[in-house]
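Notes follow once the structure below has been shown.
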Amino acid sequence: MAASPVPNQPYGGIVFRPKGRDLVEHFLVPKALGGDVIPGLVVEGVDVFSATPDALLLRNHWKDHGEVWRYFFGARPAGGPVSAPGGCWFPYRKEKAYIDENGNDVREGIAFRCSFRYHVMSQGGSDGSGVWWEPKQWLMKEFRFNKGAAAFHGAQPGPKANMNCVVHKVYTKDAVPPPPAHSRDDKSSESFQEGGSSLPPRSIRPPWPPKVVATPVAPPPHAQVIATPMAPPPPPACSSQNEATTSHAQPDSPNANKVPSGAMIMIHYLRPKAFYGHLVRAVTPNLVAEGVDVFAVSPDALPFPPSHRKQNGEVWGYFFAAKPTTSLRPAHGGCWVQYGGKKKYLIKNGEVLVFRRRLAFHAALADSDGMVVAWQQTRWLMKEYRINKAAHYVRNEKKGPGANIDLVVLKVFTKPMVRPPPPPPPPPPAWFSVNGGAGRSIASGPSATAAAATVATCLSP
């Protein structure tokens, strides 16, 4: 009896390169409905976003001229840009729908395909401050199941069904190299003899990359919060800690025309709003706006107060949000990308009450066909302040009826533009000076005119 093929390994001698419709009908749909598929052709149990693209491919999927491909099952669709080690996967192009062709009157898509390209962050420019996402040769196609299609209304999913199942194809296109330059009389190399292959022998080719299997990491559980109405106690004294240094914050009085500190935002706005559902101190009204979706519009379209727009290009505004954002959050015209480390705001007992992290807005740059070719960092920045739900003080503090511990405060802003220094003043007018009197000059006016005439008479031959 022949041995069964090894799971998650392609069959020997088979080049598995199905068309998109075949991949949907024979692998995606059966897998989503809990049926059986041919084992070993589409890899299971590997998170394609937890490793670099070149670590996902096996040696029998590397072909001539740099062409690579492999297929993976995924638990859920990406839904937008997804970070990966060393870079980020950004969607591009429009989605493609696979129409049901089984004779149904209603033409609807049974599956959809979304395209991604792998980007790495690059830095350059004359001063080294320019940052953008540079596209690489790695591509991905994501095939997802249409759960609402009428073709599957009568289907009976099996016990292992997963309607959110997707299939990822990670690949590169072939880059055909130019023919080697050699003479007709040069017969020293056996790999370029007439009638032979144009490639060097396999013995001198680079070794296959090692096999790397990346496993997903389960997120930590969320802390439970019990909401109980209670009169608010006085706020704790706070300090700010950023990695290696610690400084005690002294909150100042709120002022509409002054940029508040992070400790002031935490004490006067985030903490009372998150714990009790309302602001408990006489703070500046409408300093932190409510009901504004920061990610629904581009940053320059947000409703900033007129007093928060300065002539030097500095703009800032504060907004409440129902929950923290992700490290990569798509927005209109681009994407917010996290950078740098976290800053910690401490209370008296040394616990971290609030975390602050930073994000930068990257604009999508498209070519003439409307395809995104790069992501360039802009001047728009963001700071996100969120409560540390794991802190002992937060767990024991009684909450009001409108409490929301997931509440965050977002500061969207730009830094002042560094204007070039003014031009130097024009040189003073060149007055008539006598050669014999080094460093001396004659002032303007009637006396200067008379003196010049006298000197000219004396010097005339």
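Structure notes:
- None of L381, L359, L353, L328 is in contact (Cβ under 8 Å) with a residue 24 or more places away in the chain, over 25 Å from Q123 (Cα atoms) and open to solvent by less than 50 Å² (accessible area, probe 1.4 Å) except L353.
- Candidate set from the stretch 343-375 (those that are in contact with a Gly (Cβ under 8 Å, 6 or more places away or on another chain) and more than 16 Å from V409 (Cα to Cα)); member that is modelled with the highest pLDDT: F361
- Residues (touching a residue at least 24 places away in the same chain (Cβ under 8 Å) and part of a loop (DSSP other than H, G, I, E, B)) located in the stretch 17-49: R17, L33, G34, G35, P39, G40, L41, V42, E44, G45, V46, D47
- Taking the stretch 75-96 as the range and being over 16 Å from G20 (Cβ atoms) and assigned to a strand (DSSP E or B) as the test, the residues that pass are V82, S83, A84, G87, C88, W89, F90, P91, Y92.
- So V15, is it at pLDDT below 90, open to solvent by 30 Å² or more (accessible area, probe 1.4 Å) and out of contact with any Leu (no Cβ under 6 Å at 6 or more places or on another chain): yes
- When residues in the stretch 113-129 are screened for being at pLDDT below 75 and either closer than 28 Å to V68 by Cβ or assigned to a strand (DSSP E or B) (or both), 2 of them pass.
- Search result, residues across the stretch 261-286 that are without any contact (Cβ under 8 Å) to a residue 40 or more places away in the chain and open to solvent by 10 Å² or more (accessible area, probe 1.4 Å): S261, I267, H268, L279, R281, A282, V283, T284, P285, N286
- Output for the stretch 284-324, where each listed residue is assigned to a loop (DSSP other than H, G, I, E, B) and touching a Gly at 6+ places or on another chain (Cβ under 8 Å): S298, L302, P303, F304, P305
- Any hit, the stretch 25-38, residues being modelled with pLDDT of 85 or more and among the β-branched types (V, I, T): yes
- Candidates are the residues of the stretch 130-164 that are in a loop (DSSP other than H, G, I, E, B) and open to solvent by less than 60 Å² (accessible area, probe 1.4 Å); the one that is modelled with the lowest pLDDT is A155.
- W336 vs. criteria in contact with a Leu (Cβ under 6 Å, 6 or more places away or on another chain), in a strand (DSSP E or B) and either open to solvent by 40 Å² or more (accessible area, probe 1.4 Å) or in contact (Cβ under 8 Å) with a residue 40 or more places away in the chain (or both): yes
- In the stretch 388-409, residue nearest to T325 (Cα to Cα) [restricted to those that are outside any loop (DSSP other than H, G, I, E, B) and open to solvent by 10 Å² or more (accessible area, probe 1.4 Å)]: R395
The values are calculated or read from the model by the stated rules, or taken from the named source; none is laboratory data. Because the structure is a prediction, the values reported are computed rather than measured. Cβ: placed from backbone, ideal geometry, glycine included. Neighbour counts: every protein chain shown. What goes into the accessible areas is simple: the full protein's heavy atoms, side chains included, and nothing from ligands, DNA or RNA. Shrake-Rupley method; radii C 1.70, N 1.55, O 1.52, S 1.80 Å.
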